[in-house]
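Below is one structure; the comments refer to it alone.
The values are calculated or read from the model by the stated rules, or taken from the named source; none is laboratory data. What you see is a predicted model, and the numbers here were worked out from it, not measured in a lab. Positions of Cβ are backbone-derived with ideal geometry, glycine not excepted, and every protein chain shown enters the neighbour counts.
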Amino acid sequence: MAERENRRGRGRNREEDAPEFADRLVAINRVSKTVKGGKRFGFAALVVVGDQKGRVGFGKGKAKEVPEAIRKATEQAKRQMIRVPLREGRTLHHDIEGRHGAGKVVMRTAPEGTGIIAGGPMRAVFEMLGIKDVVSKSIGSQNPYNMIRATIDGLQKEASPRSIAARRGKKVSDILPKRDEAPVEETADA
């Protein structure tokens, strides 16, 4: 009897421990199929999902109704999430480029207070990721699917100083540039 209660209790805790995800609908596309009696409409949805603490994913879903397409896209996005290391929880560690097909995006770190400077689909990715300050530019394809894939491609290339130090067998302090103390101004008594 006690084992059954423990098992039930564990399942409930697992659901409570699951992080809550925010989602953003990026695009809905209506497609039609011409049949003997007329046209049948379907919908394709593109959704970005994230926990706003460094995890993000995107998904696409197709269905006869919009809510069903959004639900499918959201489920796919939750399955395809990636983790991205953030500096101070607000920006990227270094400048990166991402590519997918004809889509190319450039993402740069930004000082505090800059905000998210990005176009529509890229902005959705950054907001769901939890980035507060970033400057980005989309070059090439304006297709939202390609822009999001290029953005995710770039974010996967992001490396934190901790991961680079571990890979090279060094300390983080050896990797990061030394910050010199403010130079002391000398007064000239001539």
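Are there any strands (runs of 3 or more DSSP E) wholly within the range 39-117 with 2 or more residues that are under 15 Å from the mean Cα position of the chain (by Cα), touching a residue at least 24 places away in the same chain (Cβ under 8 Å) and in the same structural domain as T151 (by TED's automatic domain parsing), and if so which? Working first, answer last.
On the way: elements: 55-63, 96-100, 103-109.
Answer list for the range 39-117: 96-100, 103-109.
Would the range 119-138 turn up any residue that is farther than 29 Å from K60 by Cα, at pLDDT below 90 and either not assigned by TED's automatic domain parsing to the domain that holds T74 or not small (G, A, S) (or both)?
No; the residues of the range 119-138 include none that is farther than 29 Å from K60 by Cα, at pLDDT below 90 and either not assigned by TED's automatic domain parsing to the domain that holds T74 or not small (G, A, S) (or both).
Suppose we filter the range 166-184 for residues that are surrounded by 10 or more Cβ atoms within 10 Å (Cβ to Cβ), assigned to a loop (DSSP other than H, G, I, E, B) and either at pLDDT below 80 or more than 30 Å from the chain's Cα centre (by Cα) (or both); how many remain?
Total satisfying the criteria: 1.
I'd like to verify a number: residues in the range 99-128 that are of a type in the set (A, V, I, L, M, F, W, C) and at positive phi, how many?
Taking the range 99-128 as the starting set, the residues that turn out to be of a type in the set (A, V, I, L, M, F, W, C) are 102, 105-107, 110, 116-118, 122, 124-126, 128.
Those left that are additionally at positive phi: none.
So the count comes out to 0.
For the range 62-100, which residues satisfy the criterion of being surrounded by fewer than 18 Cβ atoms within 10 Å (Cβ to Cβ), among the small types (G, A, S) and over 25 Å from I131 (Cα atoms)?
A63, the sole residue that qualifies.
Just name the residue that is nearest to P111 (Cα to Cα) out of those in the range 135-158 that are of a type in the set (A, V, I, L, M) and under 14 Å from the mean Cα position of the chain (by Cα). Break it down stepwise before answering.
Looking only at the range 135-158, we keep the residues that are of a type in the set (A, V, I, L, M), and these are 135, 139, 147-148, 150, 152, 155.
Those still in the list that are under 14 Å from the mean Cα position of the chain (by Cα) too: 147-148, 150, 152, 155.
Working: M147: 24, I148: 24, A150: 23, I152: 22, L155: 18 Å.
Residue satisfying both the conditions and the ranking: L155.
Would you be able to tell me the number of residues in the range 39-61 that are surrounded by fewer than 21 Cβ atoms within 10 Å (Cβ to Cβ), in contact with a Ser or Thr (Cβ under 7 Å, 6 or more places away or on another chain) and among the hydrophobic types (A, V, I, L, M, F, W, C)?
Within the range 39-61, residues that are surrounded by fewer than 21 Cβ atoms within 10 Å (Cβ to Cβ), in contact with a Ser or Thr (Cβ under 7 Å, 6 or more places away or on another chain) and among the hydrophobic types (A, V, I, L, M, F, W, C) number 1.
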